[in-house]
Amino acid sequence: MLEVNLPDGSVMQFSRRVRAIDVAEAIGPGLAKATLAAELAGRIVGADSYLPDEGTVDLRLLTRKDAESLGVMRHSAAHVMARAVLRLYEGVELAFGPTVENGFYYDFALEEPISEADFPKIEAEMARIIKENEPFERIEEPRDRAIQLCRDLGQQLKVEHIEQGLRDEQTVSFYRQGEFIDLCRGPHLPGPAAIGAFKLLSVAGAYWKGDASQRQLQRLYGTAWFSKQDLEGYLKRVEEAKRRDHRVLGKQLELFMIDPDVGSGLILWLPKGAMIRRELEGFIYQKLIEHGYQPVYTPVIGRVQLYQVSGHYPYYADSQFPPIDMADGDRYLLRPMNCPHHITIYRSKPRSYRDLPLRLAEFGTVHRFEQSGELSGMTRVRGFTQDDAHIFCTEEQMAAEFRGCLEMTQSVLATVGLHNYRVRLSFRDPHSDKYVGDPATWDRAEASLRQVCEGMELPNLEIEPGEAAFYGPKADFIVADCIGREWQLGTVQLDYNLPSAERFGLEYIGPDNQPHCPVMIHRAPFGSFERFIGMLIEHFAGAFPLWLAPEQVRVLVVSQKFESYGLEVERQLRAAGLRATGDYRSEKIGAKIRDAQMEMIPYMLVVGGRETASRTVAVRERRRGDLGVMPLDQAIARFAQEIATKALPDPGDSRN
RNA sequence: GCUAGCGUAGCUCAAUUGGCAGAGCGGCUGAUUUGUAAUCAGCAGGUUGUGGGUUCAAGUCCCUCCGCUAGCUCCA
């Protein structure tokens, strides 16, 4: 006897062996027809999955109304695509074909390159397979028979996967649909009919098992939805999101440029972008002073030997600009990071425990030779400036210092209204040998960081083994760009390595009058100005809050007759510290407003005959429109207040 | 770096099968003197990313290099 608990609280009893679909059938034929999968005791399974013979079990039947079915459907869509590719090409070996956010992919090994021009014929074949509507059937096989089956199918990659990846499994599962059989954990739809609308999106290379030393496969990306409207909605959202792209807006709003004559991945900050950066620099600088940091300046190059001692030169040799060889044999490296210079300052005199924590800060420009395929706008570049600082402290001070860094990063993100981030606590991969330092120290550091982080309100905090730097664990603040790629912004990193005797041998004299080794924290709340501002452009869709806007106010004269009053208004705005210009062209006021709107200028001051006579201005706000006429002093006070509070723009603007 | 795609005026894009390189915006000049998202007219603007090849003829086809885009790998 089996008792099945359904989500509505009802209980059904079965004395025979039943599948999820049989339960649906018992409730009603309509539900049976709509059932795409099931959640059985908290696990998503196929509708054809058997329930236990006896006992009590929770069951949820999933239809297209349940979010979980979308993933199941997309996985089936991946199988349909693989089946179509097998029909159309000779000698195809299947690799992996999982679902991803908003879609799916499948990796294929085949000689003939697939290009986007081939998509229509693959899509047509997929449509044919969906129309044929053959069911997906689950087959379980013991491992030796499974290996033989894959051999017979000519699927060597699957043979390898069963032998290595699945070496602990006694039986493995396959899914069959017509002539197509694929090693697969599932679950799948009962049949392909629920794949209402799909589209192939792109093809790209991908390495077998993500290992660049392995052979490269062809990865086909697709998206699938229950309805055509859903698909269209998705494609539209993607288009909309691309309008926020910082590379597009950066060009449109003249914030920055990149030119091959200067070099790939090297940012030229245009006046307007530079203004945003100056504001952010001022903002963080003030915070640094408040929190006891001491600014320093150090050069952008240093002797190679310095980086040999730090370990960065040997460890990252191929992602650095090669050393500069001098005639006298000296070699200099364009610095890939700032810490060795700050360490040199620390070492310049004996330090006492009374001096700690010592916090040395610098907006340090560094250069790294990133692979050409990695470069991307301002988010991945070859030259960038970190809002860097290094804290030298005692082991006892470490937790509080680390926490302070996390808090500063949080406060920075909150100030600009970036709430949609996650925090990744990056620990070492215990199975890898790429880390320096002894495991006991690592364990201690990781435990301590974990305690600090878990004692704070950090959104979506997750521990990710294998993401640590080679010298220590870290906490990274991660945000997604307009097309969903994640980027690390702020970071706080613990370092027991560089201060150690094997590296720079840093010391301080403790209360016991004995030398001790300090702990180092590397931290950068923005990460780099380039990447942070790139993300900020997308976050605000180019419409910056008043305190950051490169041009804050524009005076628009109704006709050139009012130019002299306009100039006076402009002068007074600038005298009040506002970034203001005036538009005195012989255009109609509507055209001037439109231009200012498109340049995303927060405030426009319209002045004509009435304003000139009454010494007032007509204030227009970019989002809310005409705010009415007021004395200039009142407008200036309003702007000053908005700047002082770093007020954020209202969300939900329909126009931009 | 690897796989696929792309590169035409300052910007966004067009150019049929290989057959006279074009439009809008922007710029400049002139007219207009304007009241809350585009006033009108005229003019200028190009070795079609680079170098080579095929052809009577190349923006279009082939090769090299450079750059960009998506993905993979990497990311101190």
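Residues that are open to solvent by 40 Å² or more (accessible area, probe 1.4 Å), outside any helix (DSSP H, G or I) and without any contact (Cβ under 8 Å) to a residue 60 or more places away in the chain within region A:271-303 comprise A:Pro299, A:Ile301, A:Arg303, listed in sequence order. If you go through region A:328-346 and keep only what is more than 8 Å from RNA strand B (Cβ to nearest atom), aliphatic (A, V, I, L, M) and open to solvent by less than 30 Å² (accessible area, probe 1.4 Å), you end up with A:Leu333, A:Ile343. Taken together, the residues in region A:574-600 that are of a type in the set (Gly, Ala, Ser) and more than 6 Å from RNA strand B (Cβ to nearest atom) amount to 6. Annotation: A:Asn497 fulfils all but one of (1) closer than 30 Å to A:Ala414 by Cα; (2) not in a strand (DSSP E or B); the unmet one is (1).
Report yes if A:Ile147 is farther than 20 Å from A:Asp48 by Cβ, surrounded by 12 or more Cβ atoms within 10 Å (Cβ to Cβ), assigned by TED's automatic domain parsing to the domain that holds A:Gly91 and among the β-branched types (Val, Ile, Thr), otherwise no. Yes, satisfied.
Given the criteria open to solvent by 40 Å² or more (accessible area, probe 1.4 Å), free of Cβ contacts under 8 Å to residues at least 12 places away in the same chain and among the acidic types (Asp, Glu), does A:Asp325 qualify?
On the way: open to solvent by 40 Å² or more (accessible area, probe 1.4 Å): yes; free of Cβ contacts under 8 Å to residues at least 12 places away in the same chain: yes; among the acidic types (Asp, Glu): yes.
Considered against the rule, which asks whether it is open to solvent by 40 Å² or more (accessible area, probe 1.4 Å), free of Cβ contacts under 8 Å to residues at least 12 places away in the same chain and among the acidic types (Asp, Glu), A:Asp325 comes out as yes.
For region A:98-109, the tally of residues that are over 24 Å from the mean Cα position of the chain (by Cα) and either within 11 Å of RNA strand B (Cβ to nearest atom) or not assigned by TED's automatic domain parsing to the domain that holds A:Ala204 (or both) stands at 1.
Screening A:Asp182, A:Asp230, A:Asp211 for residues that are away from RNA strand B (no atom under 12 Å from the Cβ) and open to solvent by 40 Å² or more (accessible area, probe 1.4 Å) leaves exactly one candidate, A:Asp230.
For region A:120-144, the tally of residues that are open to solvent by 80 Å² or more (accessible area, probe 1.4 Å), in a helix (DSSP H, G or I) and under 17 Å from A:Glu179 (Cβ atoms) stands at 3.
Could you say whether any residue in region A:244-254 is in a loop (DSSP other than H, G, I, E, B), touching a Leu at 6+ places or on another chain (Cβ under 8 Å) and within 22 Å of A:Leu536 (Cα to Cα)?
Among the residues of region A:244-254, at least one is in a loop (DSSP other than H, G, I, E, B), touching a Leu at 6+ places or on another chain (Cβ under 8 Å) and within 22 Å of A:Leu536 (Cα to Cα), which makes the answer yes.
Residue pairs whose Cβ atoms lie under 7 Å apart, separated by 6 or more positions or on different chains, with the first residue in region A:110-132 and free of Cβ contacts under 8 Å to residues at least 60 places away in the same chain and assigned by TED's automatic domain parsing to the domain that holds A:Val80 and the second more than 13 Å from RNA strand B (Cβ to nearest atom) and part of a helix (DSSP H, G or I), are A:Lys121/A:Leu88; A:Glu125/A:Ala84; A:Glu125/A:Arg87; A:Glu125/A:Leu88. Kindly indicate whether any position in region A:83-102 is open to solvent by less than 50 Å² (accessible area, probe 1.4 Å) and assigned to a strand (DSSP E or B). Yes: region A:83-102 contains one or more residues that are open to solvent by less than 50 Å² (accessible area, probe 1.4 Å) and assigned to a strand (DSSP E or B). Looking across region A:528-567, the residues that are part of a helix (DSSP H, G or I), open to solvent by less than 10 Å² (accessible area, probe 1.4 Å) and closer than 22 Å to A:Asn420 by Cβ come down to A:Phe529, A:Glu530, A:Phe532, A:Ile533, A:Gly534, A:Met535, A:Leu536, A:Ile537. Scan region A:1-44 residue by residue and report those that are of a type in the set (Lys, Arg) and either part of a loop (DSSP other than H, G, I, E, B) or loosely packed, with under 15 Cβ neighbours inside 10 Å (or both). Hits for region A:1-44 are A:Arg16, A:Arg17, A:Lys33, A:Arg43.
Scan region A:153-175 for residues that are basic (Lys, Arg) and modelled with pLDDT under 95 and jot them down. Answer for region A:153-175, where residues must be basic (Lys, Arg) and modelled with pLDDT under 95: just A:Arg167.
For region A:45-74, a tally of residues being of a type in the set (A, V, I, L, M, F, W, C), within 17 Å of A:Ala24 (Cα to Cα) and surrounded by 20 or more Cβ atoms within 10 Å (Cβ to Cβ) returns 6. Of all residues in region A:458-494, those satisfying the criterion of being of a type outside the set (D, E, K, R), in a loop (DSSP other than H, G, I, E, B), in contact (Cβ under 8 Å) with a residue 60 or more places away in the chain and more than 16 Å from A:Lys434 (Cα to Cα) are A:Cys482, A:Ile483, A:Gly484. Here A:Arg303 passes the criteria (1) away from RNA strand B (no atom under 16 Å from the Cβ); (2) more than 25 Å from the chain's Cα centre (by Cα) except the one numbered (1). Note on region A:195-208: among residues that are open to solvent by less than 20 Å² (accessible area, probe 1.4 Å), touching a residue at least 40 places away in the same chain (Cβ under 8 Å) and closer than 28 Å to A:Gly233 by Cα, the one that is nearest to RNA strand B (Cβ to nearest atom) is A:Leu200. Suppose the filter is among the acidic types (Asp, Glu), at negative phi and in contact (Cβ under 8 Å) with a residue 40 or more places away in the chain; does A:Asp58 pass it? When the stated conditions are applied, A:Asp58 passes them.
Conditions first: (1) on the phi > 0 side of the Ramachandran plot; (2) near RNA strand B (Cβ under 10 Å from one of its atoms). A:Ser319 passes all but one, so which condition is the exception? Unmet for A:Ser319, out of (1) on the phi > 0 side of the Ramachandran plot; (2) near RNA strand B (Cβ under 10 Å from one of its atoms): (1).
Counting only residues that are among the acidic types (Asp, Glu) and in contact with a strand residue (DSSP E or B) (Cβ under 9 Å, 6 or more places away or on another chain), region A:148-188 holds 1 of them.
Out of all the residues in region A:528-562, which are aromatic (Phe, Trp, Tyr) and more than 30 Å from A:Val607 (Cβ to Cβ)?
We begin by selecting, within region A:528-562, every residue aromatic (Phe, Trp, Tyr); these are A:529, A:532, A:540, A:544, A:547, A:562.
Within region A:528-562, A:Phe529, A:Phe532 qualify.
I'd like the residue in region A:255-274 that is closer than 15 Å to A:Leu548 by Cβ and touching a helix residue (DSSP H, G or I) at 6+ places or on another chain (Cβ under 8 Å) and, out of all such residues, is nearest to RNA strand B (Cβ to nearest atom). Across region A:255-274, the extreme among qualifying residues is A:Phe256.
The values are calculated or read from the model by the stated rules, or taken from the named source; none is laboratory data. This structure is a prediction, so every number in the text was calculated from the model and none was measured. Reconstructed Cβ throughout: ideal geometry from the backbone, glycine too, with neighbour counts over all protein chains shown. Note: areas computed on protein heavy atoms with side chains; ligands, DNA, RNA excluded. Shrake-Rupley method; radii C 1.70, N 1.55, O 1.52, S 1.80 Å.
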